[in-house]
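Written below as structure tokens is the structure these notes are about.
The values are calculated or read from the model by the stated rules, or taken from the named source; none is laboratory data. Since this is a predicted model, take the numbers as computed values, not measurements. As a convention, Cβ positions derive from the backbone with ideal geometry for all residues, glycine included, and neighbour counts pool all protein chains shown.
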């Protein structure tokens, strides 16, 4: 594609060189550059792409897109290389990526889901309902990316970088999907990963304190403002009316037509007669002209909210009532209230709960229906919000019958130091606990001490099949570990 066509939609850039050259590839990683590529230099938290411009040119880049305020004192740019300078190269990468792949999001209906909790489950629910209705659906999110049942690959982040995202959209458009449903993280909105994308629908699940750190968001205001951006990019929004930010979202998004859902407050779609058991939830909701009872085989009040979001979209699209009910009843989401099957019929649940609020939700939900003890195994991730660590400890100490504090993904931090910060919260509660730094040993201890009336919650890692330590990911699938401990691994 001609370079000047790749730049459509970008304003206020400065250029030195030829814009009529043909670009065969766009990359922000200098190591992936091939001859006749455009290299987009991105300044990240750990690396600065501007430091790799020389390498990109040596590998065959014939054009580079750079930050207009970057320091070029160490950069040697050949005369024949075209240089484009602009203020925000992250946004530029997104727009260029859209153009390079032919703006693929125009060829299907795109549903974006944002919020602190419930994004993954809600996307799976919507996909299931729409597929029951006969539509071909793509999914992009925290766990993996799919076209129908075809696995395109496991995810490394909730929302891919813009170049990868548009490549996925291109595959999905070529496969002629009718809908794509995707998780839209606050980080992706803040860092312009979804800029230029054509969203048709946006969903807001809830807002809780999370993702506040040097590498994420400075404070809750910035966190919320990032999520709010989605509703300036779509024409129809679905918002949880029980969340305190609902009215502010609607007020600050004048060009979006909103529908609301709730359990407690007045809204367009209200769940009534809610029943929660140890294996499912069911509730009544008005569909067409009748109150229908809907069943979801994922326990917890939050499952009702996720289902309401999915139903709201389906109802707006005119999906048949039976397809909605069938799509929700047998939904399974990896790492979200996922019970590990075993011959001893022990209740061992894997859940992605990694904030104080989500941990409290899963512990309170299981406590309400468990006859015995709720034994919680959890830790906190390194290089992330440190303030949540004592709060998670306090929640576990207050709600769980017994807690084992262990390692999550320590990343570049020492596990022992993370655990000490968690302990500050749990000590306040006088709740029963112990520390076992090795996560496998912690899981083993929890299983050994449980009875058939107890439930063990392995919280924090959910769908993940690895542990990240000092920049390296090591295999760590809790399902396989549980089987090994129980002697059931083949």
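Can you find a residue in the stretch 433-440 that is crowded, with 18+ Cβ neighbours inside 10 Å, within 28 Å of the chain's Cα centre (by Cα) and touching a residue at least 24 places away in the same chain (Cβ under 8 Å)? Looking through the stretch 433-440, at least one residue is crowded, with 18+ Cβ neighbours inside 10 Å, within 28 Å of the chain's Cα centre (by Cα) and touching a residue at least 24 places away in the same chain (Cβ under 8 Å).
Let's see how each residue does on (1) in contact with a helix residue (DSSP H, G or I) (Cβ under 9 Å, 6 or more places away or on another chain); (2) surrounded by 19 or more Cβ atoms within 10 Å (Cβ to Cβ); (3) under 23 Å from residue 444 (Cα atoms):
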| residue | (1), (2), (3) |
| --- | --- |
| 356 | yes, yes, no |
| 369 | no, no, no |
| 378 | yes, yes, yes |
| 404 | yes, yes, yes |
| 410 | yes, yes, yes |
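Residues considered: 5, 16, 79. Of these, the only one that is under 27 Å from residue 169 (Cβ atoms) and surrounded by fewer than 19 Cβ atoms within 10 Å (Cβ to Cβ) is 5. Each residue in the stretch 323-354 was checked for being part of a helix (DSSP H, G or I) and free of Cβ contacts under 8 Å to residues at least 40 places away in the same chain, and 2 of them qualify.
Count of the stretch 191-226 residues, restricted to those that are within 25 Å of residue 392 (Cβ to Cβ) and at pLDDT 85 or above, is 3. Of the residues in the stretch 112-121, at least one is buried (at least 23 other Cβ atoms within 10 Å of the Cβ), at pLDDT 95 or above and either part of a strand (DSSP E or B) or not assigned by TED's automatic domain parsing to the domain that holds residue 359 (or both). Within the stretch 269-299, being at pLDDT 95 or above and either surrounded by 17 or more Cβ atoms within 10 Å (Cβ to Cβ) or within 26 Å of the chain's Cα centre (by Cα) (or both) holds for 269, 270, 271, 283, 285, 294, 295. Looking at residue 308 and the list (1) part of a helix (DSSP H, G or I); (2) crowded, with 24+ Cβ neighbours inside 10 Å; (3) in contact with a helix residue (DSSP H, G or I) (Cβ under 7 Å, 6 or more places away or on another chain), which single condition is not satisfied? Against the list (1) part of a helix (DSSP H, G or I); (2) crowded, with 24+ Cβ neighbours inside 10 Å; (3) in contact with a helix residue (DSSP H, G or I) (Cβ under 7 Å, 6 or more places away or on another chain), residue 308 comes up short only on (3). Considering the stretch 33-49, the residues that are within 17 Å of residue 59 (Cα to Cα) and surrounded by fewer than 22 Cβ atoms within 10 Å (Cβ to Cβ) include one that is nearest to the chain's Cα centre (by Cα), namely 34.
Are any of the residues in the stretch 350-358 within 26 Å of the chain's Cα centre (by Cα) and over 16 Å from residue 392 (Cβ atoms)? Scanning the stretch 350-358, I find at least one residue that is within 26 Å of the chain's Cα centre (by Cα) and over 16 Å from residue 392 (Cβ atoms), so the answer is yes. Of the listed requirements (1) in contact with a helix residue (DSSP H, G or I) (Cβ under 6 Å, 6 or more places away or on another chain); (2) more than 25 Å from residue 200 (Cα to Cα); (3) at pLDDT below 90, residue 332 misses just one: (1).
Among the strands (runs of 3 or more DSSP E) confined to the stretch 410-475, the ones with at least 1 residues that are assigned by TED's automatic domain parsing to the domain that holds residue 364, touching a strand residue (DSSP E or B) at 6+ places or on another chain (Cβ under 9 Å) and farther than 25 Å from residue 345 by Cα are located at 433-435, 466-469, 472-475. Note on the stretch 127-178: enclosed strands (runs of 3 or more DSSP E) holding 2 or more residues that are in contact (Cβ under 8 Å) with a residue 40 or more places away in the chain and either farther than 16 Å from residue 112 by Cα or in the same structural domain as residue 112 (by TED's automatic domain parsing) (or both) are 137-140.
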